[in-house]
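Structure first, commentary second.
The values are calculated or read from the model by the stated rules, or taken from the named source; none is laboratory data. This one's a predicted model, so the numbers in the text were calculated from it and none came from an experiment. Positions of Cβ are backbone-derived with ideal geometry, glycine not excepted, and every protein chain shown enters the neighbour counts. The protein model used for the area step is the full one, side chains on, heavy atoms only, and it has no ligands, DNA or RNA in it. Shrake-Rupley method; radii C 1.70, N 1.55, O 1.52, S 1.80 Å.
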Amino acid sequence: NSPDSTDTPTEKTNSAPSENAQHNANTWEQAKAKFEAILSNEDGFLNRDQAEGMTIAQFCDGFSAVAEVDFRITQFALSDLDHDGTPELILWENINGVDDCGFLVIRYDGNGGAIGYEFSYRQLIDLKYDGTFGYSGGVASSGFATLVFNDKGWEYVIFGCVEENDSGVLFKWGDSPLSEEEYWNYAEMQSAKEAVPWMPYPAVSYDLSYG
């Protein structure tokens, strides 16, 4: 959802790319410092699902105590899931040694804070370097998407999907309906994209780089 703009095409148009690049660079430096402090458990984030501020250690300890399991974060990555120019910090969850459990996505809010969103494993499958990923709600409800963060929390921005309705199974890529074969050809191209690099957690220190 882009804000309304009343700007008219002027000489400012030519400077916009460099201004945007500088803004993104500044925001990344702020996000970088915040994420490094969060990874080190020197700072925390607002867990939107629990409406409570916490550190990663507190998040893990709380889950372990309530569910009576060994819950921990084993890997982390950076990826711009909403394509706003600043990456999100993605934490890979592990329960009793099992990896396909879920993720905690932490977004820098632009004002010095950070917000965490909990995802199941099937909501964020095969994350790519460009911030795209797969999702699966069942055999006839799956696809590929990015994210948008809003007052509701988050929503998918779907660019390819398989959906079932009263007429049968529908295959789409973008706004165009496709044959099943055409859809899976596109899906193979998505699968072949560069995967996001995952780094082990915890680490002795953190010096994040992105881009």
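Taken over the range 102-112, the criterion of being touching a residue at least 60 places away in the same chain (Cβ under 8 Å) and in a loop (DSSP other than H, G, I, E, B) is satisfied by Gly110, Gly112.
Table: residues versus (1) more than 20 Å from the chain's Cα centre (by Cα); (2) in contact (Cβ under 8 Å) with a residue 24 or more places away in the chain.
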{"residue": "Gly137", "(1), (2)": "no, no"}
{"residue": "Thr146", "(1), (2)": "no, yes"}
{"residue": "Lys152", "(1), (2)": "no, no"}
{"residue": "Glu163", "(1), (2)": "yes, no"}
{"residue": "Ser167", "(1), (2)": "yes, no"}
{"residue": "Ser179", "(1), (2)": "yes, no"}
{"residue": "Ala195", "(1), (2)": "no, yes"}
{"residue": "Trp198", "(1), (2)": "no, yes"}
{"residue": "Tyr201", "(1), (2)": "no, yes"}
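Conditions (1) under 24 Å from Glu29 (Cα atoms); (2) part of a strand (DSSP E or B), marked per residue:
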{"site": "Gly143", "(1), (2)": "no, yes"}
{"site": "Glu155", "(1), (2)": "no, yes"}
{"site": "Glu163", "(1), (2)": "no, yes"}
{"site": "Phe171", "(1), (2)": "no, yes"}
{"site": "Glu181", "(1), (2)": "no, no"}
{"site": "Gln190", "(1), (2)": "no, no"}
{"site": "Lys193", "(1), (2)": "no, no"}
{"site": "Asp207", "(1), (2)": "yes, no"}
{"site": "Tyr210", "(1), (2)": "yes, no"}
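With (1) of a type in the set (A, V, I, L, M, F, W, C); (2) assigned to a strand (DSSP E or B); (3) closer than 24 Å to Gly137 by Cα; (4) touching a Leu at 6+ places or on another chain (Cβ under 6 Å) as the list, and Ile115 as the residue in question, which single condition is left unmet? Ile115 satisfies every listed condition except (3).
Scanning the range 151-180 for residues that are of a type outside the set (Asp, Glu), out of contact with any Phe, Trp or Tyr (no Cβ under 8 Å at 6 or more places or on another chain) and either at pLDDT 95 or above or open to solvent by 70 Å² or more (accessible area, probe 1.4 Å) (or both) turns up Lys152, Val157, Asn165, Ser167, Val169.
Which of the residues belonging to the range 186-203 are crowded, with 16+ Cβ neighbours inside 10 Å and aliphatic (A, V, I, L, M)?
In the first step, residues of the range 186-203 are kept if they are crowded, with 16+ Cβ neighbours inside 10 Å; the result is 186-187, 190, 196, 201.
Of everything in the range 186-203, those that are crowded, with 16+ Cβ neighbours inside 10 Å and aliphatic (A, V, I, L, M) turn out to be Ala187, Val196.
Considering only the range 72-103, state which residues are small (Gly, Ala, Ser) and open to solvent by 40 Å² or more (accessible area, probe 1.4 Å). Of everything in the range 72-103, just one residue is small (Gly, Ala, Ser) and open to solvent by 40 Å² or more (accessible area, probe 1.4 Å), namely Gly97.
From the list Tyr206, Tyr183, the one residue that fits, being open to solvent by less than 40 Å² (accessible area, probe 1.4 Å) and either under 27 Å from Leu46 (Cβ atoms) or under 12 Å from the mean Cα position of the chain (by Cα) (or both), is Tyr206.
When every residue of the range 1-24 is checked against the conditions, none turns out to be out of contact with any Gly (no Cβ under 6 Å at 6 or more places or on another chain) and at pLDDT 80 or above. Only one of the listed residues (Asp99, Asp130) is in a strand (DSSP E or B) and either charged (D, E, K, R) or farther than 15 Å from Gln75 by Cα (or both). That residue is Asp99.
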